[in-house]
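J.: I'd like to ask some things about the structure below.
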Amino acid sequence: MKKFFYYLTLLSSLIAFVIGCSKEEEELPKLELNATELSFKSEGGDELVGVTSNTNWSAVSSEKWCEVSPASSKGDGAIKVTAQKNEKRESRTAKISVVSGSLTRIVVVSQVGAGSENGSGGNNEEGGNGSGNENGGSNGSNNDGGDTPTPTVTYQVTLTSSLTVGGTVTGGGSYEKGKVVTISASANSGYKFVKWSDGNTSSIRTITVTGNQSLMAYFEIVRYTVTLTSSPIVGGTVTGGGSYEKGKVVTISASANSGYKFVKWDDGETSASRTFTVNGNRSLTAYFEQNPVQQYSITLSKSPSAGGTVYGGGTYEEGKIVTITATPASGYEFTKWSDGVTTNPRTLTVTANKTLTAYFEQKSSNPSSGVAVNGKLPGKFSVSATKQVSFAMGNLQCKASTDTWRFAENQYDVIGYYNENNSATYSGWIDLFGWGTSGYDGKYPYMTRQSNYDYGNGYSDIARTNYDWGVYNAISNGGNKAGMWRTLTYDEWSYLFKTRTNALNLRGQATVNGQTGYILLPDVWSAPSSLKFTANPDNFTTNRYSASEWSKMEAAGAVFLPCAGDRYGTVVHGVGSYGYYWSSTASHDYNAGYFSFYWDGDAGVNYSGYRYAGYSVRLATE
């Protein structure tokens, strides 16, 4: 019977192996056991059978005296096999079936009969049919009535592999008690031995047989690392590096960045994209070199020569984005560039040599100078049901190298991309600031760190505190005394924009002296003769005013907020396209409120500006 179950187990394993091979690519359920036979003494006991699986499985015994636990589970685990005490003299067998889907694994369990380990008597010429008494024999005839030899006790050493394809194990079998046995685990090609199931990491080892023992050898796939780098780093990118199984065919590639070309790999290969078989760790460097750069000249002039100055001319590499600026002299205003463009400042992409002239004209006899008194414009604007304010004559500006503060000379003046020169020692002017960077408490106007926590005063508003630019600083052309100005709160911007009487008709996009921006009209408004204003257009061109025309609008109380863009770190964006103006109100997550407007007519008050962003500041006073 025992041979029958042995061959049945062997046949089942063979069938499962054939089926598993035919469906290996389909990754069908896996079911492996670390033992196919178990032997128990007559007094019974417990043994564990290791299960390696990737799905649900169940276990059942053919005999009541042989119990299994658990009856079902999922994934890797173990089955506890318990044999009850055998009271009979006959040995007995049971079959445990472990099933997962179409897979079945068999464990044959055998148990000797009572007294088999110590002798059970036999034919005895002197004592008759003995049964282990002092005159009888053990397991056979005893003709002289002498001592019965002690039978040899043997145990089973069962060895299995965690991965059938990972390697082989040797040394398993039936051994006498006390036998010192050598067992070994040999990894197949592409795999490596990791450890035995008892934690031992020696692939070849000896064990002393003291009982039935089941051990599983764990193998894993050998992996190697492919490391790729670029030289120089800015020259290009490499792809295909990573961790791969031994024998894997890998494709790597090198892609040159703009202005560079791929030369070769450091092993001499000149194909940017290539394949190779991974047989060990490998490091490769892709070499790039810079393409010859074409350079062109941007030549700027002015007309008349006394009308102003021009900036941005010079020799530049092809593809460079250049900002050119025309700044009117006192008594003049910019009209246009020689190619008809009226935007100032403007950006150019260098593709060829280019010559441009900035045209200026003298202002009318009714200039805007003198409209502002101590920097304050004449218009009155309601910011609550009981409060009106007047705005400053221009956006706030600072020269970090001397800690000097001023208002822009004209409402349409912006620093633009020159804000990218921002530093503690920069001797030019800047007009884009992180929130609360008045210079108080180490919050300096030239800060560029991109962390909200470095700006302002924690979760507190900066209204009427030293963190407010107008409270802490003396503005040279705004009364030159600290505490004369302040920044509007979020609620005040919101009331001005949405709530005050006739608010919808007292605002809108415009272009003034070639500079795009947003107009706010005072509570009491009367348009100057021959000029008109269209509220809330969806563009910057419907309302267009020359410098002389704007001087009349300004004298009537109008305020103009130019599209000064914004700054993140040291990079400026959006000059001429949009404007962001800080409020003094803190918001959640260390953000702050601000007023914004865009080229498409969109405008409003927002509550979640990043504090580290560089926005414009237009101060007000009561």
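J.: Given points 7 Å out from each Cα along the Cα-Cβ axis, report the K532 to N505 separation in nanometres with one decimal.
T.: 1.4
J.: Next question, about the same structure. For the chain, what does the relative contact order come out to in percent, with C-alpha contacts under 8 Å and a separation of six or more?
T.: The normalised contact order for the chain reaches 8 percent.
J.: Calculated FRET efficiency, R223 and T285, Cβ-Cβ r, R0 25 Å, to nearest 0.05?
T.: Working from the Cβ atoms, E equals 0.70.
J.: For the range 367-461, with only Lys/Arg (+1) and Asp/Glu (-1) charged at the beta-carbon, what is the dipole magnitude about the Cα centre, in debye rounded to 20?
T.: 300
J.: What shape does the range 331-484 take by its C-alpha gyration tensor, where a ≥ b ≥ c are the square roots of the eigenvalues and a/c under 1.5 counts as rounded, a/b above b/c as prolate, and the rest as oblate?
T.: Since a/c reaches 1.5 but b/c is at least a/b, the shape of the range 331-484 is classed as oblate.
J.: Please work out whether the range 385-465 counts as rounded, prolate or oblate from its C-alpha gyration tensor, where a ≥ b ≥ c are the square roots of the eigenvalues and a/c under 1.5 means rounded, while otherwise a/b larger than b/c means prolate and anything else oblate?
T.: In terms of gyration-tensor shape, oblate.
J.: Which one, N480, N505, Y446, is farthest towards the positive end of the dipole of the range 396-526 when Lys and Arg carry +1 and Asp and Glu -1 on their Cβ?
T.: Sorting the options by dipole projection puts first N505.
J.: Also, I was wondering about something else. Put a dot 7 Å past each Cα toward the Cβ at S305 and T448; how far apart are the dots in nm?
T.: Roughly 3.7 nm, to one decimal.
J.: Skipping prolines and chain starts, which residues have an amide H placed within reach, meaning under 5 Å, of the one on A329, given they are 5 or more residues away or on another chain?
T.: G308, T309
J.: If I take every Cα pair under 8 Å that is 6 or more residues apart in the range 285-325, average their sequence separation and divide by the length, what percent do I get for the relative contact order?
T.: That works out to 39 percent.
J.: First measure r as the distance between the Cβ atoms of Y155 and D589, then evaluate 1/(1 + (r/R0)^6) with R0 = 51 Å and state the FRET efficiency to the nearest 0.05.
T.: Efficiency at R0 = 51 Å is approximately 0.15.
J.: What is the gain in length, in nm to one decimal, between E43 and K380 on full extension, counting 0.36 nm per residue of separation less the C-alpha to C-alpha distance?
T.: Roughly 110.9 nm would be gained on extension.
J.: For the pair T323 and N353, what calculated FRET efficiency results from E = 1/(1 + (r/R0)^6), where r is the Cβ-Cβ distance and R0 = 22 Å, to the nearest 0.05?
T.: Here the calculated transfer efficiency is 0.80.
J.: Which stretch or stretches of the range 447-473 have amide N atoms under 14 Å from the point lying 7 Å from K387's Cα along the Cα→Cβ direction?
T.: Residues 461-465, 471 fall inside that zone.
J.: For labels at S297 and T237 in the simple 7 Å Cα→Cβ model, what's the distance in nm?
T.: If labels sit at S297 and T237, their model points lie 3.9 nm apart.
J.: Can you bin the range 472-573 into rounded, prolate or oblate? Criterion: square roots of the alpha carbon gyration tensor eigenvalues sorted a ≥ b ≥ c, rounded for a/c under 1.5, prolate for a/b above b/c, oblate for the rest.
T.: Rounded, since a/c falls under 1.5.
J.: Can you tell me the order of 599-607, 475-483 when each peptide is scored by its average per-residue count of other Cβ atoms within 10 angstrom, highest first?
T.: 475-483, 599-607
J.: Rounding to the nearest 20 debye, state how big the charge dipole of the chain is about its Cα centre with +1 on each Lys and Arg Cβ and -1 on each Asp and Glu Cβ.
T.: So the magnitude is around 1720 debye.
J.: Would you work out which of V222, T516, V107 lies farthest towards the positive end of the dipole of the chain? Charges go on Cβ: Lys and Arg +1, Asp and Glu -1.
T.: Toward the positive end, the furthest listed residue is T516.
Throughout, read-outs are computed from the coordinates displayed, never taken from laboratory work. Everything quoted here is computed from the prediction, not taken from an experiment. We place every Cβ from the backbone using ideal geometry, glycine too, and count neighbours over all the protein chains shown.
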